[in-house]
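Just so it is clear, none of the values below were taken in a lab; they were calculated from the coordinates. None of these values were measured; they are calculated from a predicted model. Using ideal geometry, Cβ is built from the backbone for each residue, glycine included, and neighbour counts are taken over all protein chains shown.
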Amino acid sequence: MSMVLASYLLCAIFLLVLLRILRRKFPVYSKPNLPPGSMGWPFLGETLQLYSHHPDSFFATRQARYGEIFKTHILGCPCVMLASPDAIRFVLVAHSSLFKPTYPPSKERLIGPSALFFHQGAYHSQIKKLVQESLSLDVIRHMVPQVDSIAVSALESWSSAGIVSTFHQMKEFTFDVAVSSIFGHLGACHKEKLKRNYFVLDRGYNCFPLNFPGSLYRKSVMAREALSNIIQDIVQQRKEETTMQKRDLLGYMLNFRGGEKGEPLTENQISDNIIGVLFAAQDTTASLLTWILKYLHDNSDVLESVRAEQAAIYRANEEGKQPLTWAQTRKMVVTNRVIMESMRMASIISFTFREAVADVEYKGFLIPKGWKVLPLFRSLHHNPDFFPEPRQFDPSRFQASPRPNTFVPFGKGAHSCPGNELAKLEMLILIHHLVTKFRWKVAGGGAAGESCKNKEVEYRPFPIPHGGLPAKFWKVDRDSHAQADRT
Ligand code: HEM
């Protein structure tokens, strides 16, 4: 018996020594564990599960099972998902240099490889500073008259057009605002060419990247080339003007001098970043505005409180005879809360992508080099611990500030959105004119204020209400407007 015990003991000691040697020789043995979660089927991973379920339930079930950090395998990539304020802060702020932005090459080609999204470090900081300057409060406060006139003419055109796709119309509106912020005043011919080619590029951006004659992707690539040429033409024209000191993005880019020799930006750096900003500005704001109209339509009490706030401003401006001012847009407290709550509910950017550039340890878990890392913004915004009854549309919850790092509609850290203030400004101005001078009815639903039956969501690629929210808009005549205000 004692012989048997002794041999067991010897075996155990031998195994322990072997393990120690292996650990020293191959550090992988001493690494922390991967996060919990399932990598699904070989090759397919959990791609089918993601696409066959509602994305919310895919993430929610895994979060409930595994907690704030879990692994999965989607579209051929091993991924780590992060669903807590700490984890998201860790990746996007505290250790952002260890996580680089990552996009499919087909998309990078369409936007342009010099666009700031794809970069980190010095080049990214330089471009980001220019973009931030062109979108600072000091600059956009002077944009109120431009945005105001774009909003009014958009609403006038919808109101004479029968049933329209709200999303489609919002895309036109946000495109015009973005062009105005990038180029200042632009001639009709250039604007028309930009718009035509931009929308071809936009159509192919999310399709399968098959690059053969006649394919959507090829058409997008060609539209991308045309856009570059149009931008070069505008740049040439701007250079011939006597004043280059314009405070639009193009002005900031043309005046930039970097490095020791004071180098200007190259043509490609200018056009890639202009197309990039146009892209970032347009679909996001249009999707959110479409949701805002749906939420206002479905929540008559909220609509009435927004209308009351805006009607007071309208009256103060002598029934719209005086222009809306920057100061007034800064005091639209109720409307601003509706925008915040819509950003939370719709969470149009549900998550973002990064890639670990080295093995990283987070709370005892390994995030391996090369793995995709996805901070799940939507999961934060729909977590009942931070937002009680998260499926309830309740703007009043924003009377108190959300807990730190729980509300991140514009991202966080080095790559956070530089266009947040412009986005808010254009939404506030559009809502002001919409609720004071117009009414709308969702096709298939009731008039604004009655419940809308349609609950489906489409992804283009951001979530939008089904069919882009087909709706009819009409102008309220002055008499009924005054009467409505009195009651
Ligand atoms: C409601 C509207 C908008 C939402 C919800 C939104 C959201 C975001 C988010 C979440 C990011 C960070 C992405 C990441 O970390 O990977 C981002 C980045 C960006 N956004 Fe926005 N955005 C909006 C409107 C705009 C507008 C109007 C502009 C420009 C006029 C703009 C320009 C940009 C740019 C250039 C970036 C990239 C910044 C960088 O990589 O450093 N966005 N946006």
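The C-alpha atoms of the chain define a longest principal axis, and helix 121-134 lies at about 20 degrees to it.
The 3J(HN,Hα) values that the Karplus relation (6.51, -1.76, 1.60; θ = phi - 60°) gives for the stretch 45-55 are, in residue order, x, 10, 4, 5, 4, 5, 7, 8, 10, 5, x Hz. Gly and Pro appear as x. Principal-axis analysis of the Cα atoms of the chain puts helix 300-316 at an angle of about 50° to the longest axis. Arranged from fewest to most other beta-carbon atoms within 10 Å of their beta carbon, L296, L10, L469 become L10, L296, L469. Exposed loop sites here are trypsin sites (Lys or Arg not before Pro) assigned a DSSP state other than H, G, I, E or B and surrounded by at most 14 other beta carbons within 10 Å; excluding them, the longest clear run of the chain is 1-256. When the pairs K71/K195; K195/K294; K219/K475; K129/K475; K128/K475; K171/K239 are compared against a 32 Å limit on Cα-Cα distance, K71/K195; K219/K475; K129/K475; K128/K475 fall above it. Around the amide H of F70, modelled in the peptide plane, lie the amide H atoms of M81, all under 5 Å away and 5 or more residues distant in sequence or on another chain. Taking the square roots of five times each eigenvalue of the Cα gyration tensor of the chain, the equivalent ellipsoid has semi-axes of 46, 30, 21 Å, listed largest first.
At q = 0.11, 0.15, 0.18 Å⁻¹, work out log10 I(q)/I(0) for the stretch 118-216 with the Debye formula, treating every Cα as an identical point scatterer and leaving solvent out; two decimals please. Log10 of I(q)/I(0), two decimals: -0.50, -0.87, -1.08.
Suppose we flag GluC sites (Glu not before Pro) only when DSSP calls them loop and at most 10 other Cβ atoms lie within 10 Å. Which is the longest uninterrupted stretch of the chain? It runs 1-240. Against the main long axis of the alpha-carbon atoms of the chain, helix 267-298 sits at an angle near 80°. In terms of its C-alpha gyration tensor, the stretch 156-281 has an oblate overall shape, because the principal axis ratio a/c (a ≥ b ≥ c, square roots of the eigenvalues) is not below 1.5 and a/b does not outweigh b/c. Mind listing which chymotrypsin sites (Phe, Trp or Tyr not before Pro) in the stretch 42-76 are in a DSSP loop and have 13 or fewer other Cβ atoms within 10 Å? The qualifying sites are F43.
Residues whose amide H comes within less than 5 Å of that of F99, counting only those at least five positions distant or on another chain, are V357 (H built at 1.01 Å from N in the peptide plane). If only the Cβ of Lys and Arg carry +1 and only the Cβ of Asp and Glu carry -1, the dipole of the chain around its Cα centre is close to 1160 debye. Here is how the number arises for the chain: DSSP H runs of 4 or more residues each give -39500 (n - 2.57), the sum is divided by the residue count, and the result at 222 nm is -16500 deg cm²/dmol. Distance from the Cα centroid of the stretch 255-313 to that of the stretch 319-372 is 12 Å (rounded to whole angstrom).
Using only the Cα atoms of the stretch 213-303, build the gyration tensor, take square roots of its eigenvalues as a ≥ b ≥ c, and label the shape rounded, prolate or oblate: rounded if a/c is under 1.5, else prolate if a/b is larger than b/c, else oblate. Since a/c reaches 1.5 but b/c is at least a/b, the shape of the stretch 213-303 is classed as oblate. Potential lengthening of the chain between A64 and F212 amounts to 48.9 nm, from the contour at 0.36 nm per residue minus the alpha-carbon distance. Apply the a/c threshold of 1.5 to the C-alpha gyration tensor of the stretch 44-133 and tell me whether it is rounded, prolate or oblate. Because a/c hits 1.5 or more and a/b fails to exceed b/c, the stretch 44-133 counts as oblate. With 0.36 nm allotted per residue and the present C-alpha distance subtracted, the Q392-E192 stretch has 67.9 nm of extension available. Between D233 and R141, the contour length at 0.36 nm per residue exceeds the alpha carbon distance by 30.3 nm.
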